[in-house]
Amino acid sequence: MVNASQLVERLRDDKRALPRLMTLVENEDPFALQMLDALFPLTGRAHVVGITGSPGTGKSSLIASLVDRIRISGRPVAVLAIDPSSPVSGGAVLGDRIRMLARFADSGVYVRSMASRGRQGGLAWATAELVHLLDAAGFPLILVETVGTGQDGTDIAVLADSVVVVQSPGLGDGVQAIKAGILEIGDVVVVNKSDQPGADQMVRLLRNSFGLGQSSSNRAVPVLASNALSGEGVDSVLAAIDAHCDWLDQNGDRAVRRERGARAEVLSGLRTSLERRLAQRPESSPALTNAIARVTRREMTPRRAVEMLTAPLTGSNVS
Ligand SMILES: Nc1nc2c(ncn2[C@@H]2O[C@H](COP(=O)(O)OP(=O)(O)OP(=O)(O)O)[C@@H](O)[C@H]2O)c(=O)[nH]1
Ligand SMILES: [Mg+2]
């Protein structure tokens, strides 16, 4: 058995083992999973910020600019980016962007990219586990970049304490974002590429739409403009993230988020685990084999078969 507190203590002093441990977790290595069992009670201290939005809106650039500012204030920060292979970014992955910053030679920043390509489901699940490891390693702030649609229940956004939705003019006019429902998950909304035409108009449109009660809580959602390349407006984005962090603590909303996160993580894990099992060895489950046989013999409708199989989860009594 891994001695978790020793491991965590070592990791907090010296992050050199972190990349290897992250890889082990990502590969679902049995040692890593055992390590997570031991580490998990020590997590829950980090503030996890999901940075989401349509492809190419400038999420990675904004994160690089945020990291720069966070480091000026001396706070350690970890960044997890999902699918840096998105065609819009033109191959410039987040790590490269952050390395371009002068302050990168710095043990207070850890950046990890995670490929979603070729992965058989379970991305949200795997991401959450990596976040737990970063949390245990002592990063007080963890930024997670994802391409979000706002409609995918498995999105990392639901696992985060704060969600920053990044939009930009040109890629849709804001009305589309409102229709897609992506704004509803945002605690902070950023109109990036403020140097481009249409940005002011988009900010006004989004501010008005929040005035009409788009927000899920009774907190006013700030709509901010930024230029991730020049850094203009990025201080305000960071201030809004910090303000939301404080707001969560003052209103007891953090506990609500954590419960929602735990629920989302278990459900997403359950879905992944079921899909994998069924994809790999459907015949290895006697209950499933039996159900399929009964449906084949027309003794039971497929719907009843599914109800029977899921009965232990739903608590219903089906025979
Ligand atoms: N003019 C302008 N260009 C920007 C700004 N922010 C980012 N860009 C450019 O927009 C393009 C996409 O930026 P990324 O940061 O890769 O956007 P992303 O949302 O991370 O993209 P994906 O991860 O591929 O979805 C790059 O060419 C950036 O240089 C900005 O504020 N103004
Ligand atoms: Mg990106």
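The values are calculated or read from the model by the stated rules, or taken from the named source; none is laboratory data. Values in this document were obtained by computation on a predicted structure and should not be read as measured data. We place every Cβ from the backbone using ideal geometry, glycine too, and count neighbours over all the protein chains shown. SASA here: full protein model, heavy atoms, side chains in, ligands and nucleic acids out. Shrake-Rupley method; radii C 1.70, N 1.55, O 1.52, S 1.80 Å.
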Given (1) within 11 Å of ligand 1 (Cβ to nearest atom); (2) open to solvent by less than 50 Å² (accessible area, probe 1.4 Å); (3) more than 28 Å from Leu278 (Cβ to Cβ); (4) at pLDDT 70 or above, index of the condition Ile70 fails: (1)
Identify, please: which residue in segment 276-319 is closer than 29 Å to Leu123 by Cβ and of a type in the set (Lys, Arg) and is, among those, modelled with the lowest pLDDT? Arg281
Tell me which of these Glu283 doesn't satisfy, since it passes every other one: (1) surrounded by 14 or more Cβ atoms within 10 Å (Cβ to Cβ); (2) in a helix (DSSP H, G or I). (1)
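Do we have any residue at all in segment 34-47 that's within 16 Å of ligand 1 (Cβ to nearest atom), closer than 30 Å to Ser230 by Cβ and touching a strand residue (DSSP E or B) at 6+ places or on another chain (Cβ under 6 Å)? Steps first, answer last, please.
Applying the first criterion (within 16 Å of ligand 1 (Cβ to nearest atom)) to segment 34-47 yields none.
Among the residues of segment 34-47, not one is within 16 Å of ligand 1 (Cβ to nearest atom), closer than 30 Å to Ser230 by Cβ and touching a strand residue (DSSP E or B) at 6+ places or on another chain (Cβ under 6 Å), which makes the answer no.
For every residue, the table says whether it meets (1) among the polar types (S, T, N, Q); (2) touching a Ser or Thr at 6+ places or on another chain (Cβ under 8 Å); (3) without any contact (Cβ under 8 Å) to a residue 24 or more places away in the chain.
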{"residue": "Asp246", "(1), (2), (3)": "no, no, yes"}
{"residue": "Ala262", "(1), (2), (3)": "no, no, yes"}
{"residue": "Glu265", "(1), (2), (3)": "no, no, no"}
{"residue": "Ser285", "(1), (2), (3)": "yes, no, yes"}
{"residue": "Ala305", "(1), (2), (3)": "no, no, yes"}
{"residue": "Met308", "(1), (2), (3)": "no, yes, yes"}
{"residue": "Ala311", "(1), (2), (3)": "no, no, yes"}
For segment 121-217, please list each of the helices (runs of 4 or more DSSP H) lying entirely inside it that holds at least 2 residues being at pLDDT 70 or above and open to solvent by 60 Å² or more (accessible area, probe 1.4 Å). 199-211
Answer yes or no: is there a residue in segment 289-298 that is open to solvent by 60 Å² or more (accessible area, probe 1.4 Å), of a type in the set (D, E, K, R) and either in a loop (DSSP other than H, G, I, E, B) or in contact with a helix residue (DSSP H, G or I) (Cβ under 6 Å, 6 or more places away or on another chain) (or both). yes
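Based on what the data block shows, is Pro55 within 16 Å of ligand 1 (Cβ to nearest atom) and surrounded by fewer than 17 Cβ atoms within 10 Å (Cβ to Cβ)?
Values: within 16 Å of ligand 1 (Cβ to nearest atom): yes; surrounded by fewer than 17 Cβ atoms within 10 Å (Cβ to Cβ): yes.
Against the criterion (within 16 Å of ligand 1 (Cβ to nearest atom) and surrounded by fewer than 17 Cβ atoms within 10 Å (Cβ to Cβ)), Pro55 qualifies.
Within segment 12-20, is there a residue that is crowded, with 21+ Cβ neighbours inside 10 Å, under 25 Å from Gly261 (Cα atoms) and at pLDDT 90 or above? Steps first, please.
Filtering segment 12-20 down to residues crowded, with 21+ Cβ neighbours inside 10 Å leaves none.
Scanning segment 12-20 turns up no residue that is crowded, with 21+ Cβ neighbours inside 10 Å, under 25 Å from Gly261 (Cα atoms) and at pLDDT 90 or above.
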